[in-house]
Amino acid sequence: MEKLFLLDYKVKKKIVEISLAAVGVMFRKLSRRCPEMKAELAAWNPGRRFTLGILPDGPAATFEYTGAEVRYIGSGVKDPDVAIYFKNIDSALLVFTGQIGAHTAAIQCRTAIHGDLVHAMQMVRAMDIVVAYLMPGFMHGPLFKRPPQMGFKEQLLKTGAMLELPVGLIFNAAK
Amino acid sequence: MNTSLFEFYCPVKIISGALALSSLPYEMRSAGVTRAMVVTDAGVKGAGLISILENAFDGSGCDIGCIYDETPPDSAHTTVNRVAQLYREHNCDCFVAVGGGSCIDTAKAANIVISEDTDDLMKFRGADRLTKPTRPLFVAPTTAGTGSEVTLVAVINNTEAGVKMAFTSPRLCPTAAFIDPRMTLTCPPKITAATGMDALTHAIEAYYCLQKNPISDSLALTAIRLIMRSLIKCVENGKDENARLDMANGALAAGMAFSNSMVGVVHALAHATGGICHVPHGVANAILLPFGMENNLDMRAGVIAELAPHLCSVPAQGGDAQRAQAAIQAVRDLTAKLNKLCGLPLKLSDAGVTRDKLEAIAKASINDGALTYNPEHVTAADALRILEQAF
C-alpha cells in the first residue's frame, strides 16, 4: 500500500477527482432514497453548499442541498457555506482508499474545517452515510467507530446505487 | 502500513510563580510593544486585581492605554467589537487579558478584528481562517480552569444570529501567560471548585480521547496530579498560595493537553447544557464527567484504568475494568466532597436543568465537534441516555 503514496501527483489527483465525483453520485442517490440520510438532511437549510477538497490548490468538489436532494454542482470550490479540506493529497488518499475513516483523518489533524462547525458536524454525519454505501462492508471496521448495521433494504439500495455509479460518474465528469 | 499521526503545538511562553505578573512589561518590550489594551470584567476589578497589574507597570516604560472591565460571563460579538474600537481609539499595540475564559476569549477575538482589519467576525469562524499575524496577547488568568491562556481557541456568542462562534488558529495562542498565585486568591470556593473540575475534565478527557499523544499524555497526568493534590485545599482555604499555584499550573497543563488532544462527550454535553440551560461550564463538566467516563468504558477501559493511580487515594486492585471503575469512583468521591464543602451540584436537576430540556440538549450535543474525538460513537439517543443518568 505504501507504493500508492509514491505515485505521480497527477495519478493521485485523478484518483481523488474520481472519488469526489463518486461521492457526488452517491450523495444524490441517498438524499432521495435513504431514510437515514433524509432524517440527517432534515436539519439542513435549502441552498446550503459544502465543499470537499485538498489544500492548497488540489482537486475539490462542491455540493448543494436543494431541499429535495444533494446535488453535485461541479469540481472546484464554489462559494461553500462550509468546507472540509485535506491538508495534502496523501491524507485524502488515505481516506478515499478506505485505510482510515473521516473521523480518524480529523483526529490526526489531516483536515481543516472552514465555516460553521455545527454545519461541519452535520456534513460529516451525512458523509459517513455516503461512505457506508460506497465502501464494501468488510472495509467498514476501521472506517467507523460503530460500523453501521445494514439490513436487506439497505443492501438493496446499496446494490442499486453501485449499479448506477458508472453512469453517474460520466455525468458528473461533464460538470 | 502504520497510518498514525499527531500534531502538538504550544508556542506560549509561561511565567509561573510568585510575582509572575511583575514580568509583564519586560515581556511586552521583548515583543516590541509598550501600550496595553486591558480586557477584564467587573468582578476582577472589584476584587482589586487590576491594581496588581497597574503596579507592575510602574517605572517600566510601558503603559496601559485603556481598561475595558465590562466583559460579560459569555462574551458576545458586540463586546468584542467594543474592545477593538477602544484599542484603536487609545492607540494600543497589544492586548492584556486579566480574568477567566470569557475575558481571554474576548481579547483573542478582538485581536482577530484588529489584525484582520475587519468588522465581521463571522467570516473567520472555523479552523485556520486567520490570514495575518495577530498582535501580541498577554494573559493573566484569575481562575484555574479554562486553560484558555495556552489554547488556540476562542468561543464568542453571536447574539444576533443566535450562535456560538468558535475560532481556532495557531495565531490565537497568547504570546505569554502569567500564572501568578495572587490572581486567584480571591476566587470564591464554589467557583474554585467548578473551574477546578473543568480543568480536571480537560485532563481526563485529554488522556482517554482519540487524539491523545505521548506529549499530551504527560501533561494530562501532571495536571491530574496537581489538581488532585490541591483542589480540596483551595476550596477549604482560598488563601493557600501553594495550593492556588498548584491549581493554576494544573489548569495550564490541562489546557496544553486538551488544546492538542481535544476533549469528548463530557464537553459536548456540557457545552449544550450551558447553551440551553445556562449551567456554568465547570459545574456541567463536574456533573457529567463520571458518566462520560462510564460511556467510554467499552472502548477505553485500559486507558481509563491507567488514571487510577493518579486519581485514587489508595492503590486500585484488579484488572482494567475494576481499576477503571475505581478511577471513576474517585471522581465521584471528589465531587461529593466538593458538594459538602461548597454546594457544587452533583446532578443536573440540582443545577437548574429540567427534564423537558434533556432531549434538546442531546440533539444539540451531537453537533459539537468534541464528539469527533470521543472514543465511543455517540448518537442523540446515547447522549440522552447519559443525560438521564446524570439528571
Item to check | Any hit, region A:84-92, residues being modelled with pLDDT under 90 and out of contact with any Leu (no Cβ under 8 Å at 6 or more places or on another chain) | outcome: no
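Restricting to region B:15-69, name every residue that is part of a helix (DSSP H, G or I) and in contact with a helix residue (DSSP H, G or I) (Cβ under 7 Å, 6 or more places away or on another chain). First the steps, then the outcome.
So in region B:15-69, the residues part of a helix (DSSP H, G or I) come out as B:20-30, B:42-46, B:49-57.
B:Leu21, B:Ser22, B:Leu24, B:Pro25, B:Val44, B:Leu49, B:Ile50, B:Ile52, B:Leu53, B:Ala56, B:Phe57 - these are the residues of region B:15-69 that are part of a helix (DSSP H, G or I) and in contact with a helix residue (DSSP H, G or I) (Cβ under 7 Å, 6 or more places away or on another chain).
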Next on the checklist: Restricting to region B:205-216, name every residue that is part of a helix (DSSP H, G or I) and either open to solvent by less than 30 Å² (accessible area, probe 1.4 Å) or of a type in the set (S, T, N, Q) (or both).
Outcome noted: B:Glu205, B:Ala206, B:Tyr207, B:Tyr208, B:Ser216
Checklist outcome for this item: Given (1) among the charged types (D, E, K, R); (2) open to solvent by 10 Å² or more (accessible area, probe 1.4 Å); (3) at pLDDT 95 or above, B:Lys108 misses just (2)
Item to check | Number of positions in region B:80-112 that are under 20 Å from the mean Cα position of the chain (by Cα) and in a helix (DSSP H, G or I) | outcome: 13
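Looking at region A:149-158, can you tell me whether even one residue there is touching a Phe, Trp or Tyr at 6+ places or on another chain (Cβ under 6 Å), over 24 Å from B:Phe8 (Cβ atoms) and surrounded by 17 or more Cβ atoms within 10 Å (Cβ to Cβ)?
Residues of region A:149-158 that are touching a Phe, Trp or Tyr at 6+ places or on another chain (Cβ under 6 Å), as a first pass: A:158.
Within this subset, residues satisfying the condition of being over 24 Å from B:Phe8 (Cβ atoms) are A:158.
From what is left, the residues that are surrounded by 17 or more Cβ atoms within 10 Å (Cβ to Cβ) are A:158.
So far as region A:149-158 goes, yes, one or more of its residues are touching a Phe, Trp or Tyr at 6+ places or on another chain (Cβ under 6 Å), over 24 Å from B:Phe8 (Cβ atoms) and surrounded by 17 or more Cβ atoms within 10 Å (Cβ to Cβ).
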Item to check | Within region A:63-82, considering residues that are of a type in the set (A, V, I, L, M) and open to solvent by 40 Å² or more (accessible area, probe 1.4 Å), the one farthest from the other protein chains (Cβ to nearest Cβ) | outcome: A:Ala68
Checklist entry - For region B:161-183, which residues satisfy the criterion of being within 15 Å of the chain's Cα centre (by Cα) and either among the aliphatic types (A, V, I, L, M) or open to solvent by 10 Å² or more (accessible area, probe 1.4 Å) (or both)? => result B:Ala166, B:Thr168, B:Leu172, B:Cys173, B:Ala177, B:Ile179
Item to check | Tally, over region B:27-55, of residues that are under 16 Å from B:Cys94 (Cα atoms) and surrounded by 14 or more Cβ atoms within 10 Å (Cβ to Cβ) | outcome: 12
Item to check | Matching option when the condition is at pLDDT below 95 and not acidic (Asp, Glu), among B:Thr175, B:Thr142, B:Thr201, B:Thr159 | outcome: B:Thr159
Next on the checklist: Just checking, does region A:103-125 include any residue being more than 9 Å from chain B (Cβ to nearest Cβ) and among the β-branched types (Val, Ile, Thr)?
Outcome noted: no
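What about A:Tyr85, is it over 20 Å from A:Val11 (Cβ atoms), among the aromatic types (Phe, Trp, Tyr) and more than 11 Å from chain B (Cβ to nearest Cβ)? I'd like the intermediate steps shown before the answer.
On the way: over 20 Å from A:Val11 (Cβ atoms): yes; among the aromatic types (Phe, Trp, Tyr): yes; more than 11 Å from chain B (Cβ to nearest Cβ): no.
When the stated conditions are applied, A:Tyr85 does not pass them.
If you take the residues in region B:284-299 that are part of a helix (DSSP H, G or I) and within 14 Å of another protein chain (Cβ to nearest Cβ), which one is surrounded by the most Cβ atoms within 10 Å (Cβ to Cβ)?
Applying the first criterion (part of a helix (DSSP H, G or I)) to region B:284-299 yields B:284-295, B:297-299.
Now drop any that are not within 14 Å of another protein chain (Cβ to nearest Cβ), which leaves B:295, B:298-299.
On the way: B:Asn295: 24, B:Asp298: 10, B:Met299: 17.
Filtering first and then ranking leaves B:Asn295.
Report yes if A:Thr51 is polar (S, T, N, Q) and away from chain B (no Cβ under 14 Å), otherwise no.
On the way: polar (S, T, N, Q): yes; away from chain B (no Cβ under 14 Å): no.
Taking the combined requirement at face value, the residue does not satisfy it.
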Item to check | Cross-chain or 6+ apart pairs with Cβ under 6 Å, region B:207-218 first and within 12 Å of chain A (Cβ to nearest Cβ), then open to solvent by 30 Å² or more (accessible area, probe 1.4 Å) and charged (D, E, K, R) | outcome: none
Next on the checklist: Looking only at region B:192-204, filter to residues that are among the aliphatic types (A, V, I, L, M) and in contact (Cβ under 8 Å) with a residue 60 or more places away in the chain; which one of those is surrounded by the fewest Cβ atoms within 10 Å (Cβ to Cβ)?
Outcome noted: B:Ala194
Checklist entry - Using beta carbons and a limit of 7 Å, which pairs, at least six apart or on different chains, have the first residue in region B:128-143 and within 14 Å of chain A (Cβ to nearest Cβ) and the second one among the aromatic types (Phe, Trp, Tyr) and open to solvent by less than 70 Å² (accessible area, probe 1.4 Å)? => result B:Leu130/B:Phe124
Next on the checklist: For region B:243-283: of the residues being away from chain A (no Cβ under 14 Å), within 22 Å of B:Phe8 (Cα to Cα) and not small (Gly, Ala, Ser), which is farthest from the chain's Cα centre (by Cα)?
Outcome noted: B:Asn249
Checklist entry - Within region B:338-384, how many residues are buried (at least 16 other Cβ atoms within 10 Å of the Cβ), charged (D, E, K, R) and more than 14 Å from chain A (Cβ to nearest Cβ)? => result 1
Checklist entry - Taking region B:5-26, which residues are open to solvent by 40 Å² or more (accessible area, probe 1.4 Å) and among the β-branched types (Val, Ile, Thr)? => result B:Ile14
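The values are calculated or read from the model by the stated rules, or taken from the named source; none is laboratory data. Remember, predicted model here, so these are calculated numbers, not experimental data. Note that we place each Cβ from the backbone using ideal geometry, even for glycine, and neighbour counts take in every protein chain shown. These area figures cover heavy atoms from the full protein model, side chains too; ligands, DNA and RNA do not enter into them. Shrake-Rupley method; radii C 1.70, N 1.55, O 1.52, S 1.80 Å.
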